[in-house]
Amino acid sequence: GVYTQRFNRLHGYDGQLFRGRYKSVIVGEDSHLLELVRYIHRNPLRAGMVDTLSTYKWSSHPGYLSNAKKWDWLNKGIVLAMLSIEKKKQKNAYLEFMGQGDSEQFENLFAKEKWPLILGDDSFVSWVKETFFTSKQNREIPDSRQLAPEVDHIVTTVSSSASQKF
């Protein structure tokens, strides 16, 4: 709070400093992870901030192509292995993938004001909700309500429980 007040005073801003800027999404499938990596790295291009991905200095994109020690912190092996099992072909596969542009599905998904909390097929979303809802429900975190079971699931469970008692 104090940092926000100082920052706002210094820069002539008002309101929440970090509202809407940072978001975490639970990702259920490798294909979704790859699409997210591409979407995130291509943000500066979409915003018109740069003409090429390699010229945006705040991106980890160069790290995916580098063997330099300064990129050792970046866990790029998982993403690169999804693109090619052959280590020698991974960087080229990554460049090709990044050059394909964003998927229309992800552009539409992230163009919405409210992003999904969970990204995956219906069975994965159901599994996350069933596994984590009770332990992660928190009224201080409005998005935790998205983990709530579907109404049909609640009705079925309550009906089943009620019929067992009588």
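Coordinate-derived values only; no laboratory data. Owing to the predicted nature of the structure, the values given are computational and were not obtained by experimental measurement. With ideal geometry, Cβ positions are generated from the backbone for all residues, glycine too; neighbour counts draw on all protein chains shown.
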Which of the pairs 57/87; 57/112; 87/129; 57/129 have their Cα atoms more than 29 Å apart in this structure?
-> 87/129; 57/129
Efficiency of FRET between residue 60 and residue 100 - r from beta-carbon atoms, R0 22 angstrom, step 0.05 = 0.75
Expected unfolding gain across residue 11-residue 24 under the 0.36 nm per residue rule, minus the alpha-carbon gap, is 2.0 nm
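With the cut-off at 1.5 for a/c, could you classify region 1-65 from its C-alpha gyration tensor as rounded, prolate or oblate?
The shape class here is oblate.
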Sticking with the crude label model, points 7 Å out along Cα→Cβ, report the distance from residue 93 to residue 156 in nm, one decimal please.
-> 3.8 nm
Separation between the residue 39 and residue 68 pseudo-spin-labels, each 7 Å from Cα along Cα→Cβ, expressed in nm?
-> 2.9 nm
